[in-house]
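This report refers to the structure that appears directly beneath it.
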Amino acid sequence: MSMIQLLPGNIANLIAAGEVVQRPSSVVKELIENSLDAGATQITLVVNDSGRTLIQVIDNGSGMTPEEAELCFQRHATSKISKAEDLYNIRTYGFRGEALASVAACADVILRTRKEEDDTGTEVHIAESKVISSVPVNAHPGTNIAVRNLFYNIPARRKFLKSDNVEYRQIVSEFTRAAIPNYNVGFKFIHNSKEVFLLSPVNNVKIRISQIGNKEISKDLVDLQTDTTLVKITGYVGTPQNARKNQPNQYLFVNGRYFRSPLLHKAVLNAYSRVITEGYQPAYFIFLKIDPCNMDVNIHPTKTEIKFENDSIIFEILNAAVKEAIGGNSFVPSIDFDREGVPEIPVAPKDFKYVSPPKINFNPLFNPFKDLDNGTDDGGSPSNYYLQKNFEGGRAESSLLFMESAAEDTPFLLLRGKYILTSVKSGLMIIDIKRAVERILYTDYIEALSESKPAIQENLFPQTLDMDHGSFTLLMNEKPRLLRMGFDIRPFGDDCIVIYGLPAALKNEKLDIKECMDSLVMDLQEPENKDFDKEYKEKIALSIVKSVRYSSREYTKAEAQTILGRLFSCPDCAFSPFGLPCMKIIAMEDIAALLQKN
Ligand code: ADP
Ligand code: MG
């Protein structure tokens, strides 16, 4: 075994470089942060070949004395902290004194700098952690640092780099992460002699966001704001309608520093959980302000991960703030930005239950023992059509009364039994009935699941369904849980079940029974869901409502009337539980514009 020995300085620097300088964008980040720490109001970034050959940052900040210009490349050389307590009150981006030492270990660096009060500046040339020359030069006040041929001495690192495109995108990301919170600083970014960004200083972060992205993004943002003793939150979140599948703009900052946090990301996404289609993500630009003594930035060499003393409380505060922001705005898509108007639609009281008239297309040839697998989603097949005990004359009569009273209310137009068209303050509202029904059923079913014994609607003709052996066993072992969900399912010979009853909350809709049983089997497979917590209820409701979604039908005017009244008392009524819009408004001016054209 060899002797323990101290590493030579240049090897120690190389090791540190491995952590701090992973790729060209890391250099960009460190250099821009140094300029910001130096109080620069104008920062120019020049990059060639996605940072492989040149990364240069020019600022008009404080500059350095000749001594500092050499010293700054020493490891642990920093002007930002001097004692242990300072670590708990960090207000600068840097403080570890590692960045320049790391960069100098793996690139060719020329630093030119001057303090305003000095007559001459200094130029230091450094490579492989060694000062090659240090001479007085003419220079503008501020600092100009050029990093050439990154990783020229570390071939393994060079090989590890991704394509030019990927490295370039990373650089743009680091640039925007610095430019957004520092909106009062002017930035310029030149890549391969082409100007990519020219951001004049502005006095408002929203303008900076639109300078960087495009106008579209900033138009679709909703204000976020909350103030507590622990944390102050400001910023913007995207409207659910503008969620994206690819590369959404998602930024979290704390005290002006970009950071990554799976936990807080979840706090934001969770607030959108029922209003965004799966796979889509909202944009967000969120700024937290927290007393530096309640957090630790020093847990990661690149400082993009941060430890908060009270992260679960911050989670709750952020989650509530986002919910409030989008709740106040996404209620009905059109009124998003003019909060005055509430649609001129009768709003049913909360306890108003969705009851559609009973179906009267009873099929006398219906054979309950027919194999259900063949008769799925063709809309008219009797095999999956639910027949209920309440098909009696008495009910049909009351439904006639119901229709009459409905006819006296708000005028609206029913289009092909699928859409409701109605006039609202700002224009023409179109409601997708199917999605509206999904939202209503989802709301009702969740409510039913909260009761200890949800009402079960018995089937007039119990249905049988062949299952695979595994699913059959699972369903039979979970009978109490199924009852708790409103399903009365019993065995019927080998791997065959009979469905005697379904949740009453869904009784007026046609379910795709095969889909419904498959969903149940899936849900029951998760053992940790034994307790009916909120999340579990939402999950079950979603999968059961899905089986309504897969069957289609046309709605009557009376049903449309009831749906209209009921929809607006549901939470998140603007979206189906699957995140698709239930309604859209065509604005007056758009209608006028439409009619302008030939
Ligand atoms: P840190 O930022 O953690 O202090 P760095 O290695 O990034 O460590 O920088 C070392 C020191 O060099 C800084 O503390 C600062 O005093 C000085 N320095 C670096 N860049 C600049 C700059 N652009 N303008 C003025 N001073 C700078
Ligand atoms: Mg630094």
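The values are calculated or read from the model by the stated rules, or taken from the named source; none is laboratory data. It should be emphasised that the depicted structure is a prediction, and the values quoted were computed from it without experimental measurement. Backbone-built Cβ (ideal geometry, glycine too); neighbour counts: all protein chains shown.
Evaluation of Lys80 against the conditions (1) touching an Asp or Glu at 6+ places or on another chain (Cβ under 8 Å); (2) more than 15 Å from ligand 2 (Cβ to nearest atom); (3) more than 25 Å from Ile171 (Cα to Cα) shows that the sole unmet condition is (2). The residue that is farthest from ligand 1 (Cβ to nearest atom), among those in segment 89-106 that are farther than 18 Å from Val124 by Cα and β-branched (Val, Ile, Thr), is Ile90. From the residues in segment 181-224 that are crowded, with 17+ Cβ neighbours inside 10 Å and among the aromatic types (Phe, Trp, Tyr), which one is farthest from Ile326 (Cα to Cα)? Of everything passing the filter in segment 181-224, Phe189 is farthest from Ile326 (Cα to Cα).
I'm checking my understanding of the structure. Among residues of segment 420-457 that are β-branched (Val, Ile, Thr) and in a helix (DSSP H, G or I), which one is surrounded by the most Cβ atoms within 10 Å (Cβ to Cβ)? In this case the residue turns out to be Ile440.
From Leu252, Leu263, which residue is part of a helix (DSSP H, G or I) and either free of Cβ contacts under 8 Å to residues at least 12 places away in the same chain or of a type outside the set (Asp, Glu) (or both)?
On inspection, the qualifying residue turns out to be Leu263.
Residues in segment 11-53 that are over 35 Å from the mean Cα position of the chain (by Cα), in contact (Cβ under 8 Å) with a residue 24 or more places away in the chain and more than 16 Å from ligand 1 (Cβ to nearest atom): Thr53 alone. Note on segment 12-45: residues that are within 15 Å of ligand 2 (Cβ to nearest atom) and β-branched (Val, Ile, Thr) total 6.
The set of residues in segment 230-262 that are under 16 Å from Ile326 (Cβ atoms) and β-branched (Val, Ile, Thr) comprises Ile233, Thr234, Val237, Thr239. Evaluating Gly238 against the criteria (1) out of contact with any strand residue (DSSP E or B) (no Cβ under 7 Å at 6 or more places or on another chain); (2) farther than 30 Å from Ala84 by Cβ leaves one unmet condition, (1).
Can you find a residue that is part of a loop (DSSP other than H, G, I, E, B) and within 16 Å of ligand 2 (Cβ to nearest atom) anywhere in segment 46-62? Yes, there is a match, as at least one residue in segment 46-62 is part of a loop (DSSP other than H, G, I, E, B) and within 16 Å of ligand 2 (Cβ to nearest atom). One residue stands out in segment 61-83 among those that are small (Gly, Ala, Ser) and near ligand 1 (Cβ under 9 Å from one of its atoms): the one that is nearest to Ala40 (Cα to Cα), namely Gly61. Checking each residue in segment 83-101 for being basic (Lys, Arg) and either within 13 Å of ligand 2 (Cβ to nearest atom) or within 30 Å of Pro201 (Cα to Cα) (or both) picks out Arg91, Arg96. The set of residues from segment 259-290 being in contact with a Ser or Thr (Cβ under 7 Å, 6 or more places away or on another chain) and buried (at least 18 other Cβ atoms within 10 Å of the Cβ) comprises Phe259, Val275, Phe287. Condition test on Val131, is it over 20 Å from Ala16 (Cα atoms) and away from ligand 1 (no atom under 12 Å from the Cβ)? No, not satisfied. Of the helices (runs of 4 or more DSSP H) lying entirely inside segment 96-190, those containing at least 2 residues that are aliphatic (A, V, I, L, M) span 99-105, 164-179. Those helices (runs of 4 or more DSSP H) of segment 507-598 in which at least 2 residues are among the aliphatic types (A, V, I, L, M) and within 22 Å of Asp488 (Cβ to Cβ), considering only elements entirely within it, cover 513-524, 534-549. Here Arg244 meets the list (1) at pLDDT below 90; (2) out of contact with any Phe, Trp or Tyr (no Cβ under 8 Å at 6 or more places or on another chain) almost entirely, failing just condition (2).
Exactly one residue out of Ile110, Ile126 is at pLDDT 95 or above, more than 43 Å from the chain's Cα centre (by Cα) and of a type outside the set (Asp, Glu), and it is Ile126.
Within segment 490-505, does at least one residue satisfy the condition of being surrounded by 15 or more Cβ atoms within 10 Å (Cβ to Cβ) and in contact (Cβ under 8 Å) with a residue 60 or more places away in the chain? Looking through segment 490-505, at least one residue is surrounded by 15 or more Cβ atoms within 10 Å (Cβ to Cβ) and in contact (Cβ under 8 Å) with a residue 60 or more places away in the chain.
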